[in-house]
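One structure is given below, encoded as structure tokens.
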Amino acid sequence: MTHHLTLAIPFLLAGALLASSDVTPGMNRFAAATYRQLAQTSGNLILSPFCISTAVSMLLYGARGQTAAGMAAALDQIHPGPGYHAAVAALAAELTKQANGGGNQLAIANGLWVQQGFPLASEFEQTIRTLYQAPLTSLDFHAHADKARQEINSWTAQHTNDRIPELFAPGSMDAATRLVLTSAIYFYGKWRLPFDPSATRPEPFQLGAGRTADAKFMHQNADFLYGETPDAQILEMRYQGTPLAFDILLPKATDGLAALERSIQPEALSGWFGALTNRKVDAAIPKFRAESAFLLRDMLSRMGMADAFGAAADFSGIDGRRDLYLGVVVHKAFVDVSEVGTEAAAATGAAVHFMAMRRQEPAAFRADHPFAFFIRDTSSGVILFEGRLVQPN
């Protein structure tokens with residue numbers, strides 16, 4: 001008889017012998033790859049590649065053989081052993097320590113939800129509980145699957161400040177569910193240089209093909225970190241009392257976002273961000289909110305995890321048997337950019353089934369056409385959120 005295990009994770013961090021800095025390059029390669037994959041859809045985009053990669057990392061701890069190799073390849077991690085999981089956990093602790101200051105909040109929470117009576121391998125349970133700090137909660141998926149789903153969704157909403165109210169849709173869990181891993185990330189950051197609300201006014205946002213939409217543009221003439229490439233302008237806005245930053249990649253051509261997205265590679269991003277210099281900038285940025293939801297099975301399969309979703313899956317590190325496979329991976333995210341700062345949240349769920357400068361003129365930075373954006377930690381370089389604005393609300 002086949003059963004299934006569900007893994008739900010808004011945000012999670014895995015990481016013992018590696019330093020936290022050793023996992024960041026792979027995470028950012030994963031971030032660039034996921035952006036390029038998901039950018040093939042239309043409309044606004046917001047996701048947390050860090051959340052997705054850490055969710056997969058938690059599940060990776062229970063994978064073996066080719067399944068584990070495929071998952072490590074998808075994550076672009078070359079050292080996916082025990083040290084990897086401790087290093088990701090260390091990175092999570094480092095981020096939360098540095099990000100919570102100056103009125104900012106970065107909160108991460110994890111949970112382990114298990115079918116009553118389902119035996120977990122002791123090493124897996126201990127690692128999820130200690131490294132990932134996810135307490136075990138017993139639920140009755142067999143008899144009350146929807147009630148269990150609602151309890152997990154309630155936990156997710158609580159830990160994302162109600163920004164992800166329903167991670168799992170009705171019908172996504174059933175009597176075959178055996179285990180759910182959850183993690184949530186919530187970020188609220190105040191700008192180091194807040195915008196004056198009285199300067200915010202409606203102006204047109206260029207949609208392309210001569211079409212426009214009204215947007216509320218925030219205005220500020222101040223010193224920012226700024227840079228240019230042949231095809232784009234880059235503006236970095238720092239958050240108060242934290243190394244986190246919000247970066248906007250604005251194509252110089254109003255219809256240049258698609259070409260810019262194709263050039264998003266970790267090496268390029270690192271070079272662009274590293275070359276930013278302090279500059280007086282006359283900035284006009286739209287206020288906006290964006291939400292996204294994705295089913296990630298196809299994307300992760302293309303990135304090397306196909307074995308995890310079928311009969312060849314080997315998750316024997318979870319229960320000691322080869323009777324589990326990954327059924328569904330869902331990711332939801334939210335971002336709100338205003339005069340005061342940024343609010344962002346994300347959740348990932350995976351269901352595993354049994355089977356200084358001379359004086360210059362101010363640079364004009366007018367984000368009145370589609371652009372890409374990133375929320376990243378400037379200390380470690382890790383990207384926490386990424387997305388694009390195509391249609392202001």
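The values are calculated or read from the model by the stated rules, or taken from the named source; none is laboratory data. Just so we're clear, the structure is a prediction, and the values are computed from it rather than from any experiment. Please note: Cβ atoms are built from the backbone with ideal geometry, for glycine as well, and neighbour counts cover all protein chains shown.
Could you tell me whether the stretch 57-79 includes any residue that is surrounded by fewer than 21 Cβ atoms within 10 Å (Cβ to Cβ), in the same structural domain as Arg178 (by TED's automatic domain parsing) and at pLDDT below 90?
Checking the stretch 57-79: at least one residue is surrounded by fewer than 21 Cβ atoms within 10 Å (Cβ to Cβ), in the same structural domain as Arg178 (by TED's automatic domain parsing) and at pLDDT below 90.
Could you list, ordered by first residue, the pairs with Cβ atoms under 8 Å in which the first is in the stretch 98-111 and aliphatic (A, V, I, L, M) and the second is surrounded by fewer than 19 Cβ atoms within 10 Å (Cβ to Cβ) and outside any loop (DSSP other than H, G, I, E, B), at least 6 apart or interchain?
Ala99/Gln105; Leu106/Thr96; Ala107/Thr96; Ile108/Thr96
Against the conditions (1) farther than 25 Å from Asn161 by Cβ; (2) touching a strand residue (DSSP E or B) at 6+ places or on another chain (Cβ under 6 Å); (3) at pLDDT 95 or above, where does His353 fall short? Just the number, please.
His353 satisfies all of (1) farther than 25 Å from Asn161 by Cβ; (2) touching a strand residue (DSSP E or B) at 6+ places or on another chain (Cβ under 6 Å); (3) at pLDDT 95 or above except (3).
Is it the case, given these coordinates, that Phe224 is at pLDDT 95 or above and touching a Ser or Thr at 6+ places or on another chain (Cβ under 9 Å)?
No: the conditions fail for Phe224.
For Leu112, work out the one condition from (1) outside any helix (DSSP H, G or I); (2) of a type outside the set (Val, Ile, Thr); (3) farther than 18 Å from Gly349 by Cα it doesn't fulfil.
(3)
Can you list residue pairs whose Cβ atoms sit under 9 Å apart, with the first residue in the stretch 169-185 being over 28 Å from Leu131 (Cα atoms) and the second being crowded, with 24+ Cβ neighbours inside 10 Å and basic (Lys, Arg)? Count only pairs 6 or more apart in sequence or on different chains.
Filtered contacts from the stretch 169-185: Ala169/Arg149; Pro170/Arg149; Gly171/Arg149.
Does Leu225 satisfy being within 26 Å of the chain's Cα centre (by Cα), surrounded by 19 or more Cβ atoms within 10 Å (Cβ to Cβ), over 21 Å from Arg289 (Cβ atoms) and not assigned by TED's automatic domain parsing to the domain that holds Leu120?
Yes: the conditions hold for Leu225.
Quick grid of which residues meet (1) outside any strand (DSSP E or B); (2) more than 29 Å from Ala213 (Cα to Cα); (3) over 22 Å from the mean Cα position of the chain (by Cα); (4) in the same structural domain as Leu60 (by TED's automatic domain parsing):
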{"site": "Asp298", "(1), (2), (3), (4)": "yes, yes, no, yes"}
{"site": "Ser301", "(1), (2), (3), (4)": "yes, yes, no, yes"}
{"site": "Gly304", "(1), (2), (3), (4)": "yes, yes, no, yes"}
{"site": "Ala312", "(1), (2), (3), (4)": "yes, yes, yes, yes"}
{"site": "Val329", "(1), (2), (3), (4)": "no, yes, no, yes"}
{"site": "Val335", "(1), (2), (3), (4)": "no, no, no, yes"}
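Just to confirm my filter: which strands (runs of 3 or more DSSP E) fall fully inside the stretch 126-234 and include at least 2 residues that are aromatic (Phe, Trp, Tyr) and out of contact with any Lys or Arg (no Cβ under 9 Å at 6 or more places or on another chain)?
So the answer is 179-190.
Condition check ((1) surrounded by fewer than 16 Cβ atoms within 10 Å (Cβ to Cβ); (2) more than 19 Å from Asp323 (Cα to Cα)) across all residues:
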| residue | (1), (2) |
| --- | --- |
| Ser122 | yes, no |
| Thr130 | yes, yes |
| Ala134 | no, yes |
| His144 | yes, yes |
| Trp155 | no, yes |
| Met173 | no, no |
| Ala176 | no, no |
| Ala184 | no, yes |
| Lys190 | no, yes |
